[in-house]
Amino acid sequence: MGKPTKLKSPPPPHRVFISSHGGDLLLRGGFVHEIAKALRSIKVNAYADEPTGEEVVWTRIEKSRIAIVVFSSRYTESRWCFEELVKIKEGMELGELEVIPIFYKLDTSAELEGGSGLNPTMRDFDPQKVKIWNEALDSVSCMMGYHLYKNSVESKFISRIVKDVKRILIQLPKEEQDDESHDSLDDSSKSETLNGGSVLGEAESVEDDIFPNEKVDSVNDQEVSTSSAIVTSNKPPLEHQVFINFQGNDLRYGFVGHIAEALERVGFEVRIDEDELQPGDLTELLFKQIEESRIAIVIFSSRYTESTWCLDKLVKIKERMDEGKLEVVPIFYKVKQLQVTQLEGSFGIRIWNFWRRSREYRVIKWKEALECVGGLKGLVFEEDR
């Protein structure tokens, strides 16, 4: 009797698609390669976005439950990246794909913002196509995600991402997990390539359960993962929603990002103020986010009064607070409370200058909102901390 042929196990049911510009990120030891390697350790397939033909890539995205989008300084150089992003956005809007954006060593969001973020060569394409690309870029890049700074420790960062992936997969409905298990039997290849494309981090065996001995709270506990990029079908209760109002990208990628991650870690859904939007763009959407929140954190900084739109949102926050529908926590970030309530220094000069130029009634509403919210007991972040 001949030696029995050892059959390879089918690939694991759970798939993660990683969209990135590639290059050094995909090389062995590179950031994307290391993410895939870490996912492999928990028996999850990680598909890289090598340009192997539309149908192959579209199928991978459709079969994936999670998409990790790695925004790097070169991401917008690639037409292929934009096409993937459009497909990812479609899956996200259908509720079929959870999306985790990663901002890889980007100093500001300006490097990805709409038209200014497009590589000049991309603007030569059909205007309608460019519009669709911009919409996908705006939609995904405006989500709260992970920020890897130039001095960050990548290994620790990757561990947090893997933890997020685990939580999403564990919280999938059992029926959905069963469906994915059946789908996985159709994947016959266990090699390093699939139809000529790269399949990074494919697990070698699925003999054990996906996460053996993993102790995780029930979905009913409303646990929210460390990244608000995760779009879940179960909307957190009203009292678990927090709106953060602030001004400036320097805060967005630092102080505010840390607050948001800490809140999400203990079960809150965090809505981040999008100050680059102007009235008339998504005014109703942002005001609705304030109305849907139970808590508002207002971060007064030296630049707060630079934005009239930011002040308009403060008026909305005050209105909800006066109605007893919103709890407000002010944070005085490197400014004195009196600077806010008494409109002192440069903080107040901007308000008075606007009043002298326009005499608009809303300036009075701004002043009332600053006095009211700024007069609340809050937290102080000193200059030397």
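The values are calculated or read from the model by the stated rules, or taken from the named source; none is laboratory data. Note that the coordinates shown come from a computational prediction; the quantities given were computed from them, not determined experimentally. Note: ideal-geometry Cβ built from the backbone for every residue, glycine included; neighbour counts use all protein chains shown.
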**Prompt:** For region 281-290, does any single residue satisfy the condition of being among the charged types (D, E, K, R), out of contact with any Lys or Arg (no Cβ under 8 Å at 6 or more places or on another chain) and under 22 Å from GLY145 (Cα atoms)?
**Reply:** yes
**Asked** Quick one: what pairs do we get from region 357-376, first residue surrounded by 12 or more Cβ atoms within 10 Å (Cβ to Cβ), second of a type in the set (A, V, I, L, M) and part of a helix (DSSP H, G or I), C-beta under 6 Å, 6+ apart or different chains?
**Response** LYS365/VAL315; TRP366/LEU311; ALA369/LEU314; ALA369/VAL315; LEU370/VAL340; GLY374/VAL340
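Need a quick list: helices (runs of 4 or more DSSP H) entirely within region 278-380 having at least 1 residues that are touching a strand residue (DSSP E or B) at 6+ places or on another chain (Cβ under 7 Å).
Values: elements: 283-292, 308-322, 337-341, 345-358, 361-374.
Where helices (runs of 4 or more DSSP H) fall fully within region 278-380 and carry at least 1 residues being touching a strand residue (DSSP E or B) at 6+ places or on another chain (Cβ under 7 Å), they are 283-292, 308-322, 337-341, 361-374.
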**Asked** For region 229-271, how many residues meet the condition of being surrounded by 15 or more Cβ atoms within 10 Å (Cβ to Cβ), modelled with pLDDT under 80 and of a type in the set (A, V, I, L, M, F, W, C)?
**Response** 2
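Within the group MET144, MET122, which residue is surrounded by 14 or more Cβ atoms within 10 Å (Cβ to Cβ), modelled with pLDDT under 85 and in a loop (DSSP other than H, G, I, E, B)?
On inspection, the qualifying residue turns out to be MET144.
Return yes when GLU77 is at pLDDT below 85, over 18 Å from LEU97 (Cβ atoms) and assigned by TED's automatic domain parsing to the domain that holds GLU93 and no when it is not.
Working: at pLDDT below 85: yes; over 18 Å from LEU97 (Cβ atoms): yes; assigned by TED's automatic domain parsing to the domain that holds GLU93: yes.
Taking the combined requirement at face value, the residue satisfies it.
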**Request:** Please verify whether region 101-110 includes one or more residues that are assigned to a loop (DSSP other than H, G, I, E, B), modelled with pLDDT of 75 or more and farther than 21 Å from VAL270 by Cα.
**Result:** yes
